[in-house]
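J.: Here it is, the structure, as structure tokens.
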Amino acid sequence: MTHDVSPTDTAARNISGRVIGRDLGQKSIIVTGAAGGIGSCVARFFAAAGASIMLADIRATEAEKLANALVADGRRAASVAVDIVDPDSARHMIAATIKAFGSIDVLVNCAAIDAPRGRAWELDDQHWRRIIDADLNGSWWCTKSVIPHMIERKSGRIIFIGSIAARKGSSSTSVAYNAAKAGLHGLTFGLAKQLEPYGILVNTVDPGATGNTGEPMTAEEVAEASALFPLGLGGPEPIAHACLYLAGETGSWVSGTILNVSGGRWHG
């Protein structure tokens, strides 16, 4: 017999059997890129754990629809339009969240352009700037905007969604994407060192291929990924599990870490 499961049903449990994330009921969380495959899954998992969720995305209509659906399901959610490459827009997102929920406990930086294709010698200047801006600078603007609030409260969690592309090259993936995601690693290490004295923990989750949650994969790429990922294509749920772990009391002793959630694609 099979049955449908909710994010709460599938949430990871610790050794005592308690659902990880249950301590998030009084937390306020921003998820950027919340209209996307990974972002929407992360937002649903946090909402199911009882947190107040601000769904932020440049696709404002899609983010609003998901927020309305969560509210209709008895969750606490709101939405805000954000263009992460615009510092003023990032600051507006922070202000809107504080106005809606009173505070911000967690920022999950999901918004990005998914692994574009292209060989290094064929990339034009606009491509490089666009990918670095969206996949590195955008996360920085959002993070920079929330840091003063978290320092004032002496508490906070900042989570970046990276990629195994930070550590592994590809014959088809743009090197701009490799560089941007590797930049998130450096940002994680530097911020963690500077922010830990203020009770703010900074970490990155590095997924492998999750399937068609972003840039559609060709049949050949799916076949290749299935062979390269010993645990298979996990979809966005393992990423959401990892974010729940880092955001709750379970992650209270984890800082400056790159969490490998790649289905065995790389080890370390």
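J.: Please go through segment 95-133 and give me each residue that is among the small types (Gly, Ala, Ser), surrounded by 14 or more Cβ atoms within 10 Å (Cβ to Cβ) and either under 29 Å from ALA43 (Cβ atoms) or touching a strand residue (DSSP E or B) at 6+ places or on another chain (Cβ under 6 Å) (or both), ordered by number.
T.: Of everything in segment 95-133, those that are among the small types (Gly, Ala, Ser), surrounded by 14 or more Cβ atoms within 10 Å (Cβ to Cβ) and either under 29 Å from ALA43 (Cβ atoms) or touching a strand residue (DSSP E or B) at 6+ places or on another chain (Cβ under 6 Å) (or both) turn out to be ALA96, ALA100, SER103, ALA111, ALA112, ALA115.
J.: Take the residues in segment 47-65 that are among the hydrophobic types (A, V, I, L, M, F, W, C) and in contact with a Ser or Thr (Cβ under 6 Å, 6 or more places away or on another chain); name whichever of them is surrounded by the most Cβ atoms within 10 Å (Cβ to Cβ).
T.: The qualifying residue surrounded by the most Cβ atoms within 10 Å (Cβ to Cβ) is ALA56.
J.: As an exercise: evaluate SER171 against (1) assigned to a loop (DSSP other than H, G, I, E, B); (2) surrounded by 22 or more Cβ atoms within 10 Å (Cβ to Cβ) and give the number of the one condition it does not meet.
T.: The number of the failed condition is (2).
J.: Scan segment 81-94 for residues that are surrounded by fewer than 18 Cβ atoms within 10 Å (Cβ to Cβ), outside any loop (DSSP other than H, G, I, E, B) and under 19 Å from the mean Cα position of the chain (by Cα) and jot them down.
T.: Residues satisfying the conditions are ALA81, PRO87, ARG91.
J.: Hey, can you tell me all the residues within segment 181-200 that are surrounded by fewer than 19 Cβ atoms within 10 Å (Cβ to Cβ) and not in a helix (DSSP H, G or I)?
T.: Matches in segment 181-200: GLY199 only.
J.: Ok, one more. For TRP121, state whether it is part of a helix (DSSP H, G or I) and modelled with pLDDT under 95.
T.: yes
The values are calculated or read from the model by the stated rules, or taken from the named source; none is laboratory data. Small disclaimer: the values here were computed from a predicted structure and weren't measured. Cβ: placed from backbone, ideal geometry, glycine included. Neighbour counts: every protein chain shown.
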